[in-house]
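J.: The structure's right below; bear with me while I get my questions together.
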Amino acid sequence: MLKRHVPEAGPERVGEVLSRLFTARGWGRRQARLQLERAWEESAGRKLAVQTRLVNLRRGVMEIEVNNAILLQELAHYHKRRLLEQLRKRLPNLTITDLRFRAGTWERAAD
């Protein structure tokens, strides 16, 4: 009977161990979320960013919640194209096809 040679388990590469750890803890998703939020805040600027928040990015559509109905209309009609262009520049590896704004309220954490 022939025996198969099974290589002995040696030390694992640090990158492989860290990759499994990041996946298990969900850190990759959190990091991606932080990157999206940062790109939105930089694109919108401080004045708009404090009145908005990123809700989701799904199938290329970034959904933004706005705490002011007048601002929501202004963003949707006057700033959408500029914001979309800036987001695409800041996130070149993502496909962002549209921005959707919706009304919402929340309490922002004090900076």
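J.: What number comes out for the charge environment of Glu63, summing +1 per Lys or Arg and -1 per Asp or Glu over other residues with Cβ under 12 Å away?
T.: +3
J.: Also, I was wondering about something else. Take every Cα pair under 8 Å in region 41-111 that's 6+ residues apart, average their separations, divide by the length, and report that relative contact order as a whole percent. Provide the component values of the computation, followed by the final result.
T.: On the way: 83 pairs, mean separation 25.9, N = 71.
Relative contact order here is 36 percent.
J.: Assuming R0 = 25 Å, can you tell me the calculated FRET efficiency for the pair Arg88 and Val50, based on Cβ-Cβ distance, to the nearest 0.05?
T.: Here the calculated transfer efficiency is 0.65.
J.: Apply 1/(1 + (r/R0)^6) to the Cβ-Cβ distance of Glu74 and Glu12, taking R0 = 35 Å, and write down the FRET efficiency to the nearest 0.05. Don't skip to the end; give the middle numbers.
T.: On the way: r = 53 Å, r/R0 = 1.52.
It comes out at approximately 0.10.
J.: Using amide H atoms built 1.01 Å from N in the peptide plane, name the residues 5+ places from Arg100, or on other chains, whose amide H lies under 5 Å from its own.
T.: Residues meeting the criterion, in which the H sits 1.01 Å from N, are Met62, Glu63, Ile64.
J.: Give me the net charge for the shell around Leu72: Cβ to Cβ below 14 angstrom, other residues only, Lys and Arg +1, Asp and Glu -1. Intermediate values should be presented prior to the final figure.
T.: Details: positive: Arg53, Lys80, Arg100, Arg102; negative: Glu63, Glu65, Glu74.
It works out to a net charge of +1.
J.: In region 76-107, whose amide N lies under 17 Å from the spot 7 Å out along Cα-to-Cβ of Arg59? List them in ranges.
T.: Zone members listed by number: 95-101.
Coordinate-derived values only; no laboratory data. Note that the structure is predicted; figures quoted are calculated from it, not measured. Ideal geometry is used to build each Cβ from the backbone, glycine not excepted, and the neighbour counts take in all protein chains shown.
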